[in-house]
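As structure tokens, the structure follows; a few thoughts come after it.
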Amino acid sequence: MLLQGPEVLFKVALSLLGSHKPLILEHENLETIVDFIKSILPNLGLVQMEKTINQVFEMDISKQLQAYEVEYHVLQDELIDSSLNDNQRMDKLEKANSNLRKQNFDLLEELQMANGKIQNLEAMIEVLLNSEGKLNQTIRALELERKALLENLKEFHMQSVNSSGKTLPSEQGRTNAAN
């Protein structure tokens, strides 16, 4: 009972009524059926109790109960609709239509706002992609300039070595730093 809740009671009742259906149908009125249930069911044997418990664990009535619940709500709505006169039904439908139109309008506004955000984000992505391209070009230009400067430095160093025959200590420090 604690594990499966009140659904277990319903399952036990269904199992007991199902297994004793022929005996219950022999009775003519509700009083004799209640007397039968009070006197016979409490005196079930151990074998019958185990059989009932096994049936309870094997039963899966949740889908069937959900179907009955839906059917009950549909029948209730139909009963309410049939009790209303034409004017009341028309008013009810007009209110429902008005609510649906309002929901539709609200959803349309949300959709327009979302589309505006999407367009803004797409424009931002395009700007960022253009910036990225420009930055990549700048990086390539700087790398080429660095490479050219390093070559110029090497040439300058080679010229200074060739012209003096010796490298000055200050030039050695610059050459090491460049490498």
**Report entry** Residue order for R101, R140 - accessible surface, 1.4 angstrom probe, largest first
**Finding:** R101, R140
Query raised in the report: How much accessible surface does S39 have with a 1.4 Å probe, in Å² rounded to 10?
Result: 60 Å²
**Report entry** Mean accessible surface per residue for region 1-59, computed with a 1.4 Å probe while every protein chain stays in place, in Å²
**Finding:** 79 Å²
Report task. Choose one answer from M124, M113, M158: the residue with the largest mean-square fluctuation in a GNM of the chain with alpha-carbon springs under 10 Å. Result -> M158
**Report entry** Helical mean residue ellipticity (222 nm; -39500 (n - 2.57) per DSSP H run of 4+; nearest 500) of the chain
**Finding:** -30000 deg cm²/dmol
**Report entry** Accessible-area composition of region 1-59, carbon plus sulfur, in percent [1.4 Å probe]
**Finding:** 66 percent
Query raised in the report: Tell me, how many Å apart are the Cα centres for region 11-70 and for region 93-134?
Result: 58 Å
Report task. Return the sequence-ordered ³J(HN,Hα) values of region 40-55 in whole Hz as given by the Karplus equation 6.51 cos²θ - 1.76 cosθ + 1.60 applied to θ = phi - 60°, using x for Gly and Pro. Result -> 7, 4, x, 9, 5, x, 4, 5, 5, 5, 5, 4, 5, 5, 4, 5
Query - Set of lysines near K51 by C-alpha distance (under 29 Å), chain-local residues within fewer than 8 positions excluded - result: K11, K21, K38, K63
Report summary line: For the chain, shape from the Cα gyration tensor axes a ≥ b ≥ c, cut at a/c of 1.5 then a/b versus b/c, turns out oblate
Report task. Answer rounded, prolate or oblate for region 36-91, using the Cα gyration tensor with square roots of eigenvalues a ≥ b ≥ c: rounded when a/c is under 1.5, else prolate when a/b is larger than b/c, else oblate. Result -> oblate
Report summary line: Once the dipole of the chain is set up from charges on Cβ (+1 Lys and Arg, -1 Asp and Glu), the residue from the list V127, G18, I61 lying farthest towards its positive end is V127
Report summary line: In units of 2.2 N^0.38 Å, the Cα radius of gyration of region 1-59 is 1.19
Requested in this report: Enumerate the aspartates and glutamates that K102 could reach by cross-link, defined here as Cα to Cα under 18 Å, with residues fewer than 8 away along the same chain left out.
Outcome: D91, E94, E110
Query raised in the report: Under the Karplus relation 6.51 cos²θ - 1.76 cosθ + 1.60, θ = phi - 60°, what is the ordered set of whole-Hz ³J(HN,Hα) values for region 98-105, x standing for Gly and Pro?
Result: 4, 4, 5, 5, 5, 4, 4, 5
Report summary line: If every Lys and Arg gets +1 and every Asp and Glu gets -1 at its Cβ, then about the Cα centre the chain yields a dipole, in debye to the nearest 20, of 1440 debye
Query raised in the report: When the chain is treated as a GNM, springs tying every alpha-carbon pair under 10 Å, which of L100, L144, L108 comes out with the largest mean-square fluctuation?
Result: L144
Query raised in the report: Between M59 and residues 5 or more places away or on another chain, which pairs have amide H atoms under 5 Å apart, with H built 1.01 Å from N, and which residues are they?
Result: none
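The values are calculated or read from the model by the stated rules, or taken from the named source; none is laboratory data. All of these numbers come straight from a predicted model, not from anything done at the bench. Virtual Cβ from ideal backbone geometry, glycine too; neighbours counted across all protein chains shown. Just the protein is used for accessible areas: all its heavy atoms, side chains included, with ligands, DNA and RNA removed. Shrake-Rupley method; radii C 1.70, N 1.55, O 1.52, S 1.80 Å.
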